[in-house]
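The values are calculated or read from the model by the stated rules, or taken from the named source; none is laboratory data. All of these numbers come straight from a predicted model, not from anything done at the bench. Neighbour counts are summed over all protein chains in view; Cβ atoms, including those assigned to glycine, are modelled from backbone coordinates with ideal geometry.
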Amino acid sequence: MASISRPFATPRGRAAELNVGLDLDEAVRRHARLVYKVAYSALRQPEEAEDATQETFLRLLKYPKRFERADDPAAFISRVAWRVALDRLRRRKIQAEVPLEQNSEVVRSMRAQGKSTEEIAISREMQQLLERLVASLPRKLRDVVRLSTVGEMQAKEIASILNIPEASVRTRLFRARGILKEKASSLLATPIGRST
């Protein structure tokens, strides 16, 4: 990737000493939203996603040759952002699985309040319950679900980020949705997706 020459947009400090061909300003302008979406998909906290976004671009400064050699800069940056976000998750250790019994308590509590199945489904509590159900999925399934739903990404983009075939993304999404549907149905004691 060639650097765009502008008088006040050239890299400064260490990056300038390394004679970096990467114009960080341009990379940030083009890819900041994508990097944030990827980071937020994994981290689920705006402040953490912002920090991961900054760290992603700092890594680009640190390893400019890798970025310059990338065939698809957006895909390369997305993979870096995903890895940065996963590193942050490992450090925080927030991936603890939530037992299904704990989720049942949330549903029982809502039913005790006299809420119908429809009211439960649209409530904030149900949103949190669904987030916990997604968190309980195996990592391979959880990653594609989060990128698909939270990141609103297509299978091709997810495949690029996770460095897996596009067909594998679709398969994992299908399996994850089946598991989530089964868990949610058992919690609500009403089959989901069936007309009565």
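A few remarks follow.
- Unmet requirement for A42, which otherwise passes all of (1) at pLDDT below 85; (2) within 30 Å of E131 (Cβ to Cβ): (1)
- Residue satisfying condition, being assigned to a helix (DSSP H, G or I) and at pLDDT below 85, within set L147, L180, L130: L130
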